[in-house]
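Trainee: One structure coming up, written as C-alpha cells, with questions to follow.
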Amino acid sequence: MTTAITPQAARSAARQRGAWFLVLPALIPILVLSVGPILYGVGLAFTDAQSGRTAATQWVGTLNFRDLLHDSLFWESFRIGLVWAVGVTVPQFVLALGLALLLDQNLRFRWLARALAIIPWAMPEVVVGIMWRLVYQPDAGILNETLRDLGLGEGHDWLTGLATALPAVIVVGVWAGMPQTTVALLAGLQNTPRELHEAAAMDGAGAWRRFRTVTWPALRPVALAITALNFIWNFNSFALVYVLTNGGPGGRTRLPMLFAYEEAFRYGQFGYAAAMGCAMVAVISVLLALYLVGRLKGGDE
C-alpha cells in the first residue's frame, strides 16, 4: 500500500531542495578551502612527508606524535603560547570592558571616539607589527625617546632583550585585539534594558552594585563567547609575532604556530609539523571545553 504525498509535504520538500541550492555556493568553498585541508593535514600527520624527497611518502602511524612527547622545544613553545594567550586575552578583556563602559555613556563626540577606538582592528597585522617595531626601535624609537626625555634612562632594546621581548609583544597583542572585544562588549551593553538600570538607581544602588547585579549578568554570555574566541585566536597567532620578533631572541617568543611553520617550511618536515598542528588543536580543545564548562556552571549557580 503506497502512501499519498500531500501537497504540504511536497511544498516542504521543494523548499528544502531550494534551501540547499542557496546554501551550496557558501558551503562548497568551506568544504574545499577549510574542511579539505584540515582532513589532509590530519592524514599528513601520520606520514613521514618531507620536502625535496624523491622516495614515496610512507605511513608511519603515531611515530610523529611519539616524537612530540619527547620534543622539549615543542613543549617550551607550547608553554610560551599559553603565556602569550593568557597574557593577551586577560588584559584585553579588562581594558576593553572599561572602554566599552566609557563609550556607552552619553558623551560629546561619542561617535568620533567609537570610530577611533576600532582603528587598530582595521589595520592588517603586518602593518601593526611594522609600526610597533618602529615604536620599539632602540635608537630612535618613540618609546625610548620618551624615556630619555623624561630622564628615565637610556631606553632598552625591547624586542631583542631576553627579559623584555615577550612582554613587549604581549603589549602589542593587547593593543591590536582590544577593539574587537570592545565592539562586542559595547553591543552587549546596548542590549541591556535601560529600565533595569533606572529601577536599580531608584532603589538606591550605586554604580558598582548596578554593574554587579544588572550589567554583568546581561553581559556574561557575550563576555564568555568573546573571551573564548580571543583565547583561540591569540593562541593561534602567527603574523604579528613573526613580523615583530620572528620567534626570537633565543626562542623566547617562538609560539607553537611559529615552531610548526619553521619545521614545515624551513626544515621541510611536513609530517612532523602536521602532527604539531593536530596536537595543538587537541590540547586547546580540551582546555577550552574545561573553561566553558566551568564558566557555564558558574553562570547557572
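The values are calculated or read from the model by the stated rules, or taken from the named source; none is laboratory data. None of the values given here were measured: they were computed from a predicted structure. Don't worry about glycine lacking a Cβ; one is built from the backbone with ideal geometry, like all the others, and counts go over all protein chains shown. These area figures cover heavy atoms from the full protein model, side chains too; ligands, DNA and RNA do not enter into them. Shrake-Rupley method; radii C 1.70, N 1.55, O 1.52, S 1.80 Å.
Trainee: Considering only residues that are within 27 Å of Gln137 (Cβ to Cβ) and in contact (Cβ under 8 Å) with a residue 60 or more places away in the chain, which ones fall in the range 230-243?
Mentor: Asn234, Ser237, Ala239, Leu240, Val241, Tyr242, Val243
Trainee: Separate question: Can you list residue pairs whose Cβ atoms sit under 8 Å apart, with the first residue in the range 23-36 being over 27 Å from Cys278 (Cβ atoms) and the second being open to solvent by 60 Å² or more (accessible area, probe 1.4 Å)? Count only pairs 6 or more apart in sequence or on different chains.
Mentor: none
Trainee: Starting from the range 46-71, keep only residues that are over 16 Å from Ala260 (Cα atoms), then list their pairs with residues that are open to solvent by 50 Å² or more (accessible area, probe 1.4 Å) and among the aromatic types (Phe, Trp, Tyr) whose Cβ atoms are within a distance under 9 Å, requiring at least 6 positions of separation or different chains.
Mentor: Thr57/Phe270; Trp59/Phe46; Val60/Phe46; Gly61/Phe46; Thr62/Phe46; Leu63/Phe46
Trainee: Take the conditions open to solvent by 60 Å² or more (accessible area, probe 1.4 Å), touching a helix residue (DSSP H, G or I) at 6+ places or on another chain (Cβ under 9 Å), among the small types (Gly, Ala, Ser) and on the phi < 0 side of the Ramachandran plot and apply them to Ala122. Does it pass?
Mentor: Yes: the conditions hold for Ala122.
Trainee: Quick one: count up the residues across the range 88-103 that are touching a residue at least 60 places away in the same chain (Cβ under 8 Å) and open to solvent by 20 Å² or more (accessible area, probe 1.4 Å).
Mentor: Residues flagged as touching a residue at least 60 places away in the same chain (Cβ under 8 Å) and open to solvent by 20 Å² or more (accessible area, probe 1.4 Å) within the range 88-103 amount to 6.
Every residue, every condition in (1) within 14 Å of Leu244 (Cβ to Cβ); (2) not hydroxyl-bearing (Ser, Thr, Tyr), yes or no:
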| residue | (1), (2) |
| --- | --- |
| Leu112 | no, yes |
| Ile118 | no, yes |
| Trp132 | yes, yes |
| Asn144 | no, yes |
| Arg148 | no, yes |
| Gly151 | no, yes |
| His156 | no, yes |
| Thr160 | yes, no |
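Trainee: Separate question: May I ask you to verify whether Ala228 is open to solvent by less than 30 Å² (accessible area, probe 1.4 Å) and either more than 22 Å from Arg114 (Cβ to Cβ) or small (Gly, Ala, Ser) (or both)? Show your work before the answer.
Mentor: On the way: open to solvent by less than 30 Å² (accessible area, probe 1.4 Å): yes; either more than 22 Å from Arg114 (Cβ to Cβ) or small (Gly, Ala, Ser) (or both): yes.
For Ala228, the condition - open to solvent by less than 30 Å² (accessible area, probe 1.4 Å) and either more than 22 Å from Arg114 (Cβ to Cβ) or small (Gly, Ala, Ser) (or both) - is met.
Trainee: Which pairs do you get when a residue that is touching a residue at least 60 places away in the same chain (Cβ under 8 Å) and farther than 14 Å from Phe74 by Cα, found in the range 244-262, comes within reach of a residue that is hydroxyl-bearing (Ser, Thr, Tyr) and open to solvent by 10 Å² or more (accessible area, probe 1.4 Å), reach meaning Cβ atoms under 6 angstrom, with the pair 6+ apart or on two chains?
Mentor: Pairs that qualify, where the first residue is touching a residue at least 60 places away in the same chain (Cβ under 8 Å) and farther than 14 Å from Phe74 by Cα and the partner is hydroxyl-bearing (Ser, Thr, Tyr) and open to solvent by 10 Å² or more (accessible area, probe 1.4 Å), are Pro249/Thr160.
Trainee: Still on this structure: Which ranges mark the helices (runs of 4 or more DSSP H) fully within the range 179-247 that have 1 or more residues being in contact with a helix residue (DSSP H, G or I) (Cβ under 8 Å, 6 or more places away or on another chain) and within 23 Å of Val127 (Cα to Cα)?
Mentor: It comes to 216-235, 239-244.
Trainee: Any idea which of Pro249, Pro256 is touching a Ser or Thr at 6+ places or on another chain (Cβ under 8 Å) and open to solvent by less than 20 Å² (accessible area, probe 1.4 Å)?
Mentor: Selected residue: Pro256, the only one of Pro249, Pro256 that is touching a Ser or Thr at 6+ places or on another chain (Cβ under 8 Å) and open to solvent by less than 20 Å² (accessible area, probe 1.4 Å).
Trainee: Taking interchain pairs and intrachain pairs at least six residues apart, which have beta carbon atoms under 8 angstrom, with the first residue in the range 133-149 and open to solvent by 100 Å² or more (accessible area, probe 1.4 Å) and the second part of a loop (DSSP other than H, G, I, E, B) and at pLDDT 90 or above?
Mentor: Arg133/Leu159
Trainee: If you check every pair at least six apart or on different chains, which have Cβ atoms under 8 Å apart with a residue in the range 110-121 that is farther than 17 Å from Gly98 by Cα first and a residue that is of a type in the set (D, E, K, R) second?
Mentor: Sorted first by the residue in the range 110-121, then by its partner, the list stays empty.
Trainee: I would also like to ask the following. Go through the range 212-229 and give me each residue that's closer than 28 Å to Leu288 by Cβ and either free of Cβ contacts under 8 Å to residues at least 24 places away in the same chain or not hydrophobic (A, V, I, L, M, F, W, C) (or both).
Mentor: The answer is Arg212, Thr215, Trp216, Pro217, Arg220, Pro221, Thr227, Leu229.
Trainee: Give the residues of the range 152-197 that are open to solvent by less than 40 Å² (accessible area, probe 1.4 Å), touching a residue at least 40 places away in the same chain (Cβ under 8 Å), more than 20 Å from the chain's Cα centre (by Cα) and under 17 Å from Gln105 (Cα atoms), sorted by residue number.
Mentor: Across the range 152-197, the qualifying residue is only Leu189.
Trainee: Check whether at least one residue in the range 43-61 is closer than 30 Å to Val172 by Cα and either assigned to a helix (DSSP H, G or I) or at pLDDT below 90 (or both), and report yes or no.
Mentor: Pass one, the range 43-61, residues closer than 30 Å to Val172 by Cα: none.
No, the range 43-61 contains no residue that is closer than 30 Å to Val172 by Cα and either assigned to a helix (DSSP H, G or I) or at pLDDT below 90 (or both).
Trainee: Here is a further query. Take the residues of the range 263-294 that are of a type outside the set (A, V, I, L, M, F, W, C), assigned to a helix (DSSP H, G or I) and without any contact (Cβ under 8 Å) to a residue 40 or more places away in the chain: which is surrounded by the most Cβ atoms within 10 Å (Cβ to Cβ)?
Mentor: Once the filter is applied, the top-ranked residue is Glu263.
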